[in-house]
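Participant: Take this structure, written in structure tokens, and hold onto it; I'll ask about it next.
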Amino acid sequence: MYFVYLMASQKNGTLYCGVTNDLLRRVHEHREGLAPGFTESHGVKRLVWFESYDSVEHAIRREKRIKRYPRQWKINLIEAENPDWADLWNRLSL
């Protein structure tokens with residue numbers, strides 16, 4: 001299983017799009033600052049959206065498309081399923 005995900009610093013804050021085969025581990029790394037780089041330096045710690053895929057090729061293709069879309073499109077994607085920008089971490093760690 002592969003995941004495409006969006007993380008945010010806060011509602012309408014800085015966004016980050018990524019792909020992983022272990023969403024729980026990867027989000028934990030972002031939240032704890034264990035993933036040096038963009039998310040750490042911009043305080044991006046809140047999981048606000050994700051999708052799952054059976055194929056790594058499909059997941060990477062989707063991630064690349066999302067990265068090309070304008071910011072407002074990404075906001076609309078998040079708010080269609082998560083209008084309050086709730087941190088979805090709790091749903092993963094149960």
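Just so you know, all these numbers are worked out from the coordinates, no wet-lab data involved. Since the structure is predicted, the reported quantities are computational estimates derived from the model, not experimental observations.
Participant: Which residue fluctuates most in the GNM of the chain (Cα springs below 10 Å): Tyr69, Tyr53, Tyr16?
Facilitator: Sorting by GNM fluctuation, first place goes to Tyr69.
Participant: Here's another thing I want to ask about it. Name the shape class, rounded, prolate or oblate, that the alpha-carbon gyration tensor gives for the stretch 1-52, where a ≥ b ≥ c are the square roots of its eigenvalues, rounded holds for a/c under 1.5, and otherwise prolate holds if a/b is larger than b/c and oblate otherwise.
Facilitator: oblate
Participant: Hey, in the GNM for the chain with a 10 angstrom Cα cutoff, which one of Val27, Val44, Val56 fluctuates hardest?
Facilitator: Among Val27, Val44, Val56, the largest mean-square fluctuation in the Gaussian network model of the chain belongs to Val56.
Participant: In a solvent-free Debye calculation with one equal scatterer on each Cα, what is log10 I(q)/I(0) for the chain at q = 0.24, 0.26 Å⁻¹, listed in the order of the q values?
Facilitator: Each listed q maps to, in turn, -1.40, -1.55.
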